[in-house]
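Notes follow once the structure below has been shown.
Values quoted throughout were computed directly from the atomic coordinates according to the rules given, and no laboratory measurement underlies them. What you see is a predicted model; the values in this text were computed from it and never measured.
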């Protein structure tokens, strides 16, 4: 009401063109006679009452409508997080089991590969040993046959050596002496010198 009266007075003074009316109204507003109603101590009890009523209604609204919804949302989120954590733990356990199975299969595969490799080495060694024995046997047979041939040639040569030596000695004596010598005497001399 005070604001409406002051506004009406200001309007009237402005229309009349008098500067004094505006000045008196302004001074009256600043003079302290009227205070802004929320800051007026006489209105505090009613303001506190309405504050308590508003706060109570707001509290009831929050308690009955907003807080249960927020609680439900938090509970749903808590349950979802718990399920996600359980699922993550289960997946981690499955992954750990898969890694363990993989490592076990890898170790088994390495063991099998080592066994297969060792078997292959043993078979190759046995085959090489058998081939070596065959070659050695063949070489020993060839060597025995060669030694037999050499001995035979040597025997044959030794039979002829006496004859060749006798003939050679006869030819040398004949050349040196110019006479012929008896072959039996030369052969006996050659045999006696060979021993």
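When only alpha-carbon atoms are used, what values of Rg and Dmax, in angstrom, describe region 49-135?
Gyration radius and largest Cα-Cα distance of region 49-135: 36.2, 122 Å.
Any chance you could run the full-extension gain for residue 113 through residue 157? It's 0.36 nm times the residue separation minus the Cα-Cα distance, nm to one decimal.
That works out to 9.5 nm of additional length.
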